[in-house]
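Participant: Here it is, the structure, as structure tokens.
The values are calculated or read from the model by the stated rules, or taken from the named source; none is laboratory data. Please read these numbers as outputs of a predicted model, since none were measured by experiment. Glycine also receives a Cβ, built like all others from the backbone with ideal geometry; neighbour counts cover every protein chain displayed. In case anyone asks, the SASA skips ligands and DNA or RNA and just uses the protein heavy atoms, side chains included. Shrake-Rupley method; radii C 1.70, N 1.55, O 1.52, S 1.80 Å.
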Amino acid sequence: MELKTDLFINGAWVKGDGLLPVYNPSTGEVIAQISTAGDAECAAAVTAAHNAQASWAKTAPRVRSEILRKAFELMTAEADQIARLVSMENGKVLADAKAEVTYAAEFFRWFAEEAVRTPGDFRHAPNGDKRILVTHQPIGVSLLITPWNFPAAMATRKLGPALAAGCTVIMKAASETPLTAIWIVDILQRAGVPAGVVNFIMPSKTGAMISKILHDDRVRNISFTGSTEVGRGLIRESADLVLRTSMELGGNAPFVVFDDADIDEAVKGAMIAKMRNGGAACTAANRFIVAAFVADEFTTKLSAAMSALKMADGLADGAQLGASVSVKERNKIAELVDASVAAGAKVHVGGVLPEGAGAFYPATVISVKKDNPILSQEVFGPVAPVVTFTTDDEAIALANDTEYGLISYVYSGDLKRAIRAAEALEAGMVAINRGVISDPAAPFGGVKQSGLGREGGFAGIHEFLETKYIGVEI
Ligand code: NAP
């Protein structure tokens with residue numbers, strides 16, 4: 001299929017006020033120039049979404065469901081092409097890109113199934129004076145903003161439930177990775193989404209133009225995935241018109257290994273939890289909190305697995321660790337490691353910037369003390385800091401010592417101990433003896449400063465629905 005590079009407004013591909021280059025971070029080359037939206041295009045997208053809202057909300061759930069199902073089928077059929085595009089604009093290796101596209105398509109399938117299942121309620125009031133009817137209605141025009149690390153999955157995780165619920169949308173992708181999002185919008189058009197229901201913009205001035213959209217009273221909802229810092233600002237902006245907000249923000253996941261864990265399994269899980277997406281995942285294990293008794297064995301085995309990874313262009317044969325999304329992001333990783341080493345971290349493998357083109361950073365394992373600054377930062381790269389503990393309470397306290405609360409990982413041979421830990425961990429999600437638990441059928445989201453709301457599962461569609469109570473005299 002021909003690569004589209006324009007904005008999509010009211011069912012048509014249109015140009016805007018300029019062009020934005022999209023780079024391949026493995027080579028530094030420009031792979032496309034996409035159109036950017038000026039004030040006029042942003043306003044047109046809101047108008048289109050607003051005008052389409054009433055009829056999309058009235059469209060039979062079965063029709064909405066079948067459009068999403070068709071989108072799932074198209075995405076599955078085009079998975080290889082989309083995966084190559086993801087790898088090219090994001091830098092991740094093709095195997096990770098393929099896994100992402102499969103995961104992303106599943107959100108369309110899951111929400112195709114959810115579209116026809118929104119529950120209602122009919123009850124007798126306890127005092128018998130009336131009947132209580134509870135129904136759920138689409139919240140209305142929704143602004144969807146996605147990050148660069150999962151350009152396919154973060155888009156479908158919002159588009160799926162929004163469209164299933166009957167909301168029209170204005171979508172904005174990260175400026176590093178718009179091409180995948182454009183492909184997905186094109187799939188939705190081909191799947192039969194009516195004009196105005198899905199609109200895609202890339203504002204030329206992100207902050208100012210998004211702020212203007214958030215102050216347009218035709219917009220009722222913002223669903224954002226990205227950094228906690230930007231999320232905080234968007235929550236503040238959303239306060240003016242009291243918008244519904246869903247916020248999937250940063251993480252700083254602890255990976256706790258108790259002394260009774262199967263260490264080989266823990267290392268296998270650590271490699272997935274840390275290295276999926278080259279470490280650029282909000283769910284990435286960021287702090288390895290390991291029982292002192294097994295720490296040497298764990299660190300030695302993890303270092304061996306990390307140093308065996310082949311770092312190369314994401315599309316190269318056998319590549320296992322690709323580039324970061326940009327040299328700027330890569331340099332942030334290097335600065336965090338350098339600061340950690342300056343504060344006393346011991347480097348086991350990696351830790352040195354490679355020479356040459358491309359935003360590469362090597363797989364790195366370091367041992368740190370509890371007060372090392374890297375433990376309080378989201379690293380977003382292939383860096384595994386290991387810190388030790390001696391009691392379960394100490395492990396939990398270390399794990400919870402962060403403003404984030406997205407996901408935690410626990411490895412233990414004793415399920416009771418693992419569940420006790422899971423209950424004590426301040427996180428929206430806990431993985432027990434697994435390196436990945438993301439699933440379109442499960443509620444994804446964080447506590448504390450990792451966010452508000454849940455995506456996926458039965459909860460996901462409710463981020464785009466309002467509850468309405470109708471009291472009936474009998
Ligand atoms: P980011 O810098 O917050 O950007 C995310 C999106 O917000 C991009 O589309 C960006 O657009 C946009 N944006 C930036 N400033 C904005 C503003 N003032 N107003 C409106 N939109 C604005 O995050 P990122 O670097 O792309 O992604 C990495 C972060 O996302 C990490 O913290 C990661 O943990 C988090 N994340 C969380 C989840 C989750 O589910 N919890 C999933 C994936 C990633 P521009 O590109 O135009 O600046």
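Participant: Can you list the residues, at least 5 places off or on another chain, whose amide H is less than 5 Å from the amide H of residue 431, using H built in the peptide plane?
Facilitator: Placed amide hydrogens put 408, 409, 410 under 5 Å from residue 431.
Participant: Roughly speaking, what is the stretch gain from residue 14 to residue 241, that is 0.36 nm per residue apart minus the C-alpha to C-alpha distance, in nm to one decimal?
Facilitator: Length difference between fully extended and current span is 78.8 nm.
Participant: If you average the C-alpha positions of the stretch 281-319 and of the stretch 159-220 separately, how far apart do those two centres end up, in angstrom?
Facilitator: 36
Participant: Decide, for the stretch 185-257, between rounded, prolate and oblate: order the square roots of the alpha carbon gyration tensor eigenvalues as a ≥ b ≥ c, take rounded if a/c falls under 1.5, and otherwise choose prolate if a/b is larger than b/c, else oblate.
Facilitator: It comes out oblate by the Cα gyration axes.
Participant: How do 274, 369 stack up against each other in accessible area, from largest to smallest, with a 1.4 angstrom probe?
Facilitator: 369, 274
Participant: What is the Cα radius of gyration of the stretch 48-176 over 2.2 N^0.38 Å, N being its residue count?
Facilitator: Normalised by 2.2 N^0.38 Å, the Cα Rg of the stretch 48-176 equals 1.29.
Participant: Continuing with this model, one more query. Can you tell me how the stretch 139-218 classifies by the Cα gyration tensor, rounded, prolate or oblate, using a/c under 1.5 as the rounded cut?
Facilitator: oblate
Participant: Could you pull the accessible area for residue 84 with a 1.4 Å probe, rounded to 10 Å²?
Facilitator: Counting only protein heavy atoms, the figure is 120 Å².
Participant: What residues qualify as long-range amide H neighbours of residue 261, i.e. H under 5 Å apart, gap of 5 or more or another chain, H built at 1.01 Å from N?
Facilitator: Close amide H contacts, sequence-distant or interchain: 413.
Participant: A further question on this structure: On the Cα set of the stretch 276-336, report Rg and Dmax in Å, please.
Facilitator: 13.9, 40
Participant: Per-residue ellipticity at 222 nm for the chain, helices alone: DSSP H runs ≥ 4 residues times -39500 (n - 2.57), over residue total, nearest 500 deg cm²/dmol?
Facilitator: Mean residue ellipticity at 222 nm (helix-derived): -12500 deg cm²/dmol.
Participant: Okay, moving on. Count the net charge of all other residues whose Cβ sits under 15 Å from the Cβ of residue 23, scoring Lys and Arg as +1 and Asp and Glu as -1.
Facilitator: Within the 15 Å Cβ shell, the charges total -2.
Participant: To the nearest 20 debye, what is the magnitude of the charge dipole of the chain about its Cα centre, counting +1 on the Cβ of each Lys and Arg and -1 on the Cβ of each Asp and Glu?
Facilitator: 1020
Participant: Using alpha carbon coordinates only, what is the Rg to Rh ratio of the stretch 356-474, with Rh defined as the Kirkwood radius?
Facilitator: Over the Cα atoms of the stretch 356-474, Rg/Rh equals 1.11.
Participant: What percentages, rounded to whole numbers, describe P(r) for the chain computed over all alpha carbon pairs with 20 Å bin width beginning at zero?
Facilitator: Going out from 0 Å in 20 Å bins, the chain shows 25, 54, 20, 1 percent.
Participant: How much length is gained if the chain between residue 434 and residue 121 is pulled fully straight, taking 0.36 nm per residue apart and subtracting their Cα-Cα distance, in nm to one decimal?
Facilitator: Separation in residues times 0.36 nm, less the Cα-Cα distance, equals 109.0 nm.
Participant: Using the structure shown, list the pairs from 92/369; 346/370; 15/172 with a Cα-Cα distance above 22 Å, or answer none.
Facilitator: Violating the 22 Å limit, Cα to Cα: 92/369.
Participant: Separate question: Could you work out the longest stretch of the chain that avoids the GluC sites (Glu not before Pro) located in DSSP loops with at most 10 other Cβ atoms within 10 Å?
Facilitator: No qualifying site falls inside 3-354, the longest such stretch.
Participant: Which one of 285, 359, 37 is farthest out on the positive end of the charge dipole of the chain, using unit charges on Cβ (Lys, Arg +1; Asp, Glu -1) and the Cα centre as origin?
Facilitator: Of the options given, the answer is 37.
Participant: Could you list which residues have their amide H under 5 Å from that of residue 366, counting only those 5 or more apart in sequence or on another chain, with H placed in the peptide plane?
Facilitator: Result for residue 366 returns 348, 384, 386.
Participant: Using DSSP to call loops (not H, G, I, E or B), can you name the trypsin sites (Lys or Arg not before Pro) in the stretch 293-368 whose Cβ has at most 16 other Cβ atoms within 10 angstrom?
Facilitator: 310
Participant: Tally the DSSP beta bridges in the chain and give the antiparallel ones as a percent, rounded to 5.
Facilitator: 45
Participant: Run through the stretch 107-208 and list the trypsin sites (Lys or Arg not before Pro) located in a DSSP loop whose Cβ has at most 12 other Cβ atoms within 10 Å.
Facilitator: 117
Participant: Going out from 0 in 10 Å bins, what whole percent of all Cα-Cα distances in the stretch 43-86 drops into each bin?
Facilitator: P(r) over the stretch 43-86, rounded to whole percents: 24, 29, 33, 15.
Participant: Based on the Cβ-Cβ distance from residue 272 to residue 297, what FRET efficiency comes out when R0 is 22 Å, to the nearest 0.05?
Facilitator: 0.70
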